[in-house]
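As structure tokens, the structure follows; a few thoughts come after it.
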Amino acid sequence: MYKSKILGTGSYLPERVVTNADLEKLMETSDEWIQQRTGIRERRFVDEGVGASDLGVKASLRALEQARLSPRDIDFIVFATLSPDYNFPGCGCLLQEKLGMQTVGALDVRNQCCGFVYGLSVADQYVKTGMYRHILVVGAEVHSTGIELNTHGRDVAVIFGDGGGAVVVGWSGNGDGQILSTHLHSEGKYAKKLWLEAPASIYHPRLTEQMLREGKHYPSMDGRYVFRHAVDRFQEVINEALLANNLRIEDVTLLILHQANLRISEAVSQSLGIPAEKVFSNIQKYGNTTAASIPIALDEALKEGKLKPGDIVVLAAFGSGFTWASAVIRW
Ligand code: COA
């Protein structure tokens, strides 16, 4: 068995900043309401014609540069997104073409906010067994074209933003850092608590004018329900990961939670008893970028010098499905 580690990280956020004050012009909401409930001050939106694959490409190039590798060194792609450019083919294939890579395999992961951690787990297994040497794991989302930017959709619309993050996973030498574990979960009985109903193959046709009128092509969320489950499951999956590695919460240098909502992160860190300075947050600037949030946060944390060799970093996510997941990495 080989050991696997993260060889490079990269992120890309679209330049267009959309503040809470900008949203006040589109819907009945307020900066105060949004900040109080979510911690979010602003988010980024793409310009027209930019897809999740484009954000993934930019983030990937930065991750490759940091890993001192070229696209031709990559043996496999894992692309996590809930907002692919098209229904099919997936973003992995589009990224392969845009980066001028060899005809390597490209797997699209559909696990929403947990997509990146699920993808990291897949990459970890392939690298450990020696099947692939360098895998690009990407999380990228364009939410801005799919949310209802008016008062009717405000509970969801104020939360989400666009962005991309990527890491290169590869062999780890002796004494180097290592992905120590990943834990993945799902509970489909809550599928409709946070979902996007249409277009859907169970309907014929998949999208009708009536569905459009009823807004079924926008995400819908039972916010309070999601909040409660997120707080419980985050704690559970982090404790499960610590136990599996014989670690205590005091051993964790940095906790990177999926940036769902600042209030969720605060509740989780308080319950776990981990000091706020060890819990990374950038949701204030970018909102919830779903599968992109963890790789963006990891990249920023590294750039801010928050991780050094030997440190323990725990990644954890919760989201639609419901799904929840964690990864423990010795840096
Ligand atoms: N601006 C202003 N008011 C809003 C609003 C907005 N953007 N969105 C909803 N409201 C209103 C509601 O209409 C409601 O008004 P009413 O009392 O007159 O009916 C009131 O605010 C309270 O709504 P409620 O949905 O009960 O608020 P909440 O305190 O539960 O907060 C969320 C809503 C969405 C912020 C909160 O439930 C949450 O953060 N949930 C988790 C969401 C999440 O993290 N999702 C991603 C998971 S990956």
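The values are calculated or read from the model by the stated rules, or taken from the named source; none is laboratory data. Being a predicted model, the structure only gives us computed values, none of them experimental. Every residue, glycine among them, receives a Cβ derived from its backbone with ideal geometry; neighbour counts consider all protein chains shown. For the accessible areas, the whole protein counts, side chains as well, though only heavy atoms, and no ligand, DNA or RNA atoms are used. Shrake-Rupley method; radii C 1.70, N 1.55, O 1.52, S 1.80 Å.
Identify, please: which residue in region 210-223 is away from the ligand (no atom under 16 Å from the Cβ) and more than 24 Å from the chain's Cα centre (by Cα) and is, among those, surrounded by the most Cβ atoms within 10 Å (Cβ to Cβ)? Walk me through it before giving the result.
As a first pass, look at region 210-223 and keep what is away from the ligand (no atom under 16 Å from the Cβ): 210-214, 216-217.
If we keep only those that are more than 24 Å from the chain's Cα centre (by Cα) as well, we get 210-214.
Details: Gln210: 8, Met211: 17, Leu212: 12, Arg213: 8, Glu214: 12.
The selected residue is Met211.
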Based on what the data block shows, is Ala327 among the aliphatic types (A, V, I, L, M), assigned to a helix (DSSP H, G or I) and surrounded by 18 or more Cβ atoms within 10 Å (Cβ to Cβ)?
no
Taking region 161-199 and the residues there that are open to solvent by less than 20 Å² (accessible area, probe 1.4 Å) and more than 30 Å from Asp73 (Cα to Cα), the one that is farthest from the ligand (Cβ to nearest atom) would be Ala198
### Message
So, Gln235, is that one touching a helix residue (DSSP H, G or I) at 6+ places or on another chain (Cβ under 7 Å) and assigned to a helix (DSSP H, G or I) or not?
### Response
yes
Considering residues that are out of contact with any strand residue (DSSP E or B) (no Cβ under 9 Å at 6 or more places or on another chain) and open to solvent by 10 Å² or more (accessible area, probe 1.4 Å), the number found within region 249-292 is 10
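Being in contact with a helix residue (DSSP H, G or I) (Cβ under 6 Å, 6 or more places away or on another chain) and hydrophobic (A, V, I, L, M, F, W, C) is the requirement here; does Met221 meet it?
Working: in contact with a helix residue (DSSP H, G or I) (Cβ under 6 Å, 6 or more places away or on another chain): yes; hydrophobic (A, V, I, L, M, F, W, C): yes.
Answer is yes for this residue.
Examine region 125-133 for a residue that is within 16 Å of the ligand (Cβ to nearest atom) and open to solvent by less than 40 Å² (accessible area, probe 1.4 Å), and state whether such a residue exists.
So in region 125-133, the residues within 16 Å of the ligand (Cβ to nearest atom) come out as none.
No: zero hits.
Just to be sure before I move on: is Gly153 in a strand (DSSP E or B), closer than 19 Å to Phe45 by Cα, within 16 Å of the ligand (Cβ to nearest atom) and not assigned by TED's automatic domain parsing to the domain that holds Asp299 in the structure I sent? Reasoning before the result, please.
Details: in a strand (DSSP E or B): no; closer than 19 Å to Phe45 by Cα: yes; within 16 Å of the ligand (Cβ to nearest atom): yes; not assigned by TED's automatic domain parsing to the domain that holds Asp299: yes.
Here the answer is no, as Gly153 does not meet what is asked.
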Only unsatisfied item for Asn174, checking (1) modelled with pLDDT of 95 or more; (2) among the polar types (S, T, N, Q); (3) not in a strand (DSSP E or B), is (1)
Checked Leu243, Leu298, Leu207 against criteria (of a type in the set (A, V, I, L, M), away from the ligand (no atom under 16 Å from the Cβ) and crowded, with 19+ Cβ neighbours inside 10 Å); the one match is Leu298
Matching residues in region 248-294 (near the ligand (Cβ under 10 Å from one of its atoms), more than 12 Å from the chain's Cα centre (by Cα) and assigned to a loop (DSSP other than H, G, I, E, B)) number 1
